[in-house]
Protein chains: 2
Amino acid sequence: MKRPTIGDIARQAGVSKGAVSYALNGQPGVSESTRQRILAIADEIGWRPNSAARALNGARANAIGLALCRPARILGMEPFFMELISGLEAELSARDFALMLQVVGDHPSEIAVHQRWWGEGRIDGAFLVDLHVNDPRVPVMEDLGMPVVVIGDPSGSGSLMSVWSDEGAPVRETVDYLVALGHRRIARIAGLPKLVHTTLRDQEFGRACAGLDDCPVVHTDYTGEQGARATRRLLSSRVRPTAIVYDNDIMAVAGLSVAQEMGLTVPADLSIVAWDDSPLSQVVRPPLTALTRDIPAYGAQAARQLLGLIDGLERGSHEDRAATLNPRGSTGPPVSAGH
Amino acid sequence: MKRPTIGDIARQAGVSKGAVSYALNGQPGVSESTRQRILAIADEIGWRPNSAARALNGARANAIGLALCRPARILGMEPFFMELISGLEAELSARDFALMLQVVGDHPSEIAVHQRWWGEGRIDGAFLVDLHVNDPRVPVMEDLGMPVVVIGDPSGSGSLMSVWSDEGAPVRETVDYLVALGHRRIARIAGLPKLVHTTLRDQEFGRACAGLDDCPVVHTDYTGEQGARATRRLLSSRVRPTAIVYDNDIMAVAGLSVAQEMGLTVPADLSIVAWDDSPLSQVVRPPLTALTRDIPAYGAQAARQLLGLIDGLERGSHEDRAATLNPRGSTGPPVSAGH
DNA sequence: GTTCTTCTTGGGAGCGCTCCCAACGGGCGC
DNA sequence: GCGCCCGTTGGGAGCGCTCCCAAGAAGAAC
């Protein structure tokens, strides 16, 4: 049950290996009639190119690396990654590129995995996600000379190409909207403070809230538990916020439960905004006002950029569309502000 | 910036390529002193094995294939897959196996992807998930001769090895529990009727409900929307059920919202059970009674089985632990049954 | 018919690695 | 001191493919 090789085809067709190679790759060098005959035989005996042999000749690996450095627990919970991956896939599979996926524990092992894959010729490029402030992966990847696309803000991605969306505008849009509704005390329950996009949102939030009353920011690890705890603490303070903006939908849903548990009505007593939309936000009562983004499209764009980079087309970084506010039932004027 | 090869090492060490190969692979054939010298040089010049060259000699690809045939939309929503993947990964990465992931649109293209990967020597084996009734992938994989582990019930996996958990016991446990609480009208909002595990649960549900009042089963596509719609329809019927068992947590959460929207109190007017637990079920009010399963452990077991199969160890299929009922606030005695 | 050009074809090197085979050399038994 | 065995080493074929090079054939121009 040995796999047929181009040698077998050549023998059957009565031509040389070279001719078969040209015919199979659509290259000039063989006549059309010979090509057809070779293709027919190849098809008949079920020939498949051996990627190893191709790779040995300096060809592409036709695979992209993605090492995810997140605890499995969080990974399983957040729709973001699966949506991102399906977006990446849509573009990659159209070009017959596979995705090499590996969950790693920390940055050093993520770096090691990338070095190994690249060194062994298993991948043609890689994505970097969840950019940290002063991310150690960036300088290593810059040195490695491997095509890399950072999915995150260019401020932290060094000389690497990045695909990002503006974090500032959605923050401003949200705060302005809440202020227009009459809110003066807006809190933000944020994600990991180490992440670049968290700090960017923090800064913009601080600026957008200038002139308002106390606008606290609490950092969490994105889990529902921490989102619930932070919410409980905020709502127990003497001057509780009338609106909370969450950094993901999981925490927003958890926060909604806590508010209802504490006897508050949403949105009358508390308005809630979730960053990143998902079916989850629409399924709870009231459905959550959310900052919606087309994550699969975002991933697809990143994949296009990386494939371009691999092809040697030197296009620059790409700014994707920013998230836009999608008001639903969880936001409204605060009862106290009866204007 | 060419990558060093064993030829370079051999030249520097003043030995032959053969000796280097033996030294690097920990095989007998070189003296310990030579081995050490070679390893030192290899380390110094940063040598990495070229996987393509290795694969060319019939070696492993050190990668496993997983083609997911689900719309991206559902994929992004269900925690199940990411948890499964992180479980697979935990075991695979420990053995330095990578996961080749590809999202495909239908079974024919999933089959094509597997054939290509296997034919091209890119993978050493593959997982099959979401087993359908009379699944067309099974006979193809049997013919292909590739190591495959089916993550699903052995009744549908032909001669392929499978890793599964009993679907019957959890159904019985759930129905018995609800009956003990006093419920007589229990409904089931199920997933896709094409899937093997759906039909198994359906059958068992039918048996377990024997002797009870009307116990309808509604099939959906696992989305929150369809779960909500099915719930609304059931609760609008003249004799509405006092308990609903959902096939995933997304639909259970959606169903909870619908019930509350319709002015029903959970669990007094309606008890809710979710199949497959996740933080989501614990975050809503009341927290959902759920059939809990350790999905990462399930995935890890599947990975172990597949790696064993690849190594030629012929262990049989493996039955994993069945899901167990984890009662929370969403179940209780129906108000009508004041016993 | 001859020469030149152009298209087609066969031959073969080389990619980096593994592994078989033969040669070499030192330690041992006699 | 001689021959033998075994541990060590060098040499080299071969994995399946790509691509360069040269040779052959066919057609055009004279």
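The values are calculated or read from the model by the stated rules, or taken from the named source; none is laboratory data. In this text the structure is predicted, and so the values were computed from the model without any measurement. All Cβ positions, even for glycine, are placed from backbone atoms using ideal geometry, and neighbour counts span all protein chains on display. Surface areas here come from the heavy atoms of the whole protein model, side chains and all, with no ligands, DNA or RNA. Shrake-Rupley method; radii C 1.70, N 1.55, O 1.52, S 1.80 Å.
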Residue A:52 being at pLDDT below 85 and in a helix (DSSP H, G or I): yes
Evaluation of residue B:241 against (1) open to solvent by 10 Å² or more (accessible area, probe 1.4 Å); (2) in a loop (DSSP other than H, G, I, E, B); (3) away from chain A (no Cβ under 12 Å) (one fails), failing number: (1)
Identity of the residue in the range B:20-53, in contact with a Lys or Arg (Cβ under 9 Å, 6 or more places away or on another chain) and within 9 Å of DNA strand D (Cβ to nearest atom), that ends up nearest to residue B:102 (Cα to Cα): B:52
Scan of the range A:13-33 for residues that are more than 12 Å from DNA strand C (Cβ to nearest atom) and in a helix (DSSP H, G or I), ordered by number: A:24
Members of the range B:261-296 that are under 25 Å from the mean Cα position of the chain (by Cα), over 17 Å from residue B:165 (Cβ atoms) and within 13 Å of another protein chain (Cβ to nearest Cβ): B:279, B:280, B:281, B:282, B:283, B:284, B:287, B:288
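Here's a check for you: in the range A:12-57, which residue that is hydroxyl-bearing (Ser, Thr, Tyr) and within 23 Å of residue B:118 (Cα to Cα) is nearest to the other protein chains (Cβ to nearest Cβ)?
From the range A:12-57, those hydroxyl-bearing (Ser, Thr, Tyr) are A:16, A:21-22, A:31, A:33-34, A:51; that's our starting set.
With within 23 Å of residue B:118 (Cα to Cα) added as a condition, the list becomes A:21, A:51.
Details: A:21: 16, A:51: 4 Å.
Result: A:51.
This table checks each residue for (1) assigned by TED's automatic domain parsing to the domain that holds residue A:89; (2) of a type in the set (S, T, N, Q).
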site	(1), (2)
A:281	no, yes
A:287	no, no
A:299	yes, no
A:304	yes, no
A:312	yes, no
A:316	yes, no
A:326	no, yes
A:333	no, no
Filter result for residue A:121 (touching a residue at least 40 places away in the same chain (Cβ under 8 Å), facing chain B (nearest Cβ under 8 Å) and in contact with a helix residue (DSSP H, G or I) (Cβ under 7 Å, 6 or more places away or on another chain)): yes
Test: residue in the range B:214-224 that is assigned to a helix (DSSP H, G or I) and more than 14 Å from chain A (Cβ to nearest Cβ): no
The range A:32-61 - residue that is touching an Asp or Glu at 6+ places or on another chain (Cβ under 6 Å) and touching a residue at least 60 places away in the same chain (Cβ under 8 Å) and, of those, surrounded by the most Cβ atoms within 10 Å (Cβ to Cβ): A:61
Looking only at the range B:141-167, and only at residues there that are part of a helix (DSSP H, G or I) and within 13 Å of chain A (Cβ to nearest Cβ), the one that is most open to solvent (accessible area, probe 1.4 Å): B:143
For residue A:126: the one exception among (1) away from every other protein chain (no Cβ under 12 Å); (2) of a type in the set (Gly, Ala, Ser); (3) surrounded by fewer than 18 Cβ atoms within 10 Å (Cβ to Cβ): (3)
Selected residue (criterion: nearest to the chain's Cα centre (by Cα)) from residues of the range A:1-11 that are aliphatic (A, V, I, L, M) and within 14 Å of chain B (Cβ to nearest Cβ): A:6
Answer from B:292, B:324, B:331 - the residue that is open to solvent by less than 30 Å² (accessible area, probe 1.4 Å) and among the β-branched types (Val, Ile, Thr): B:331
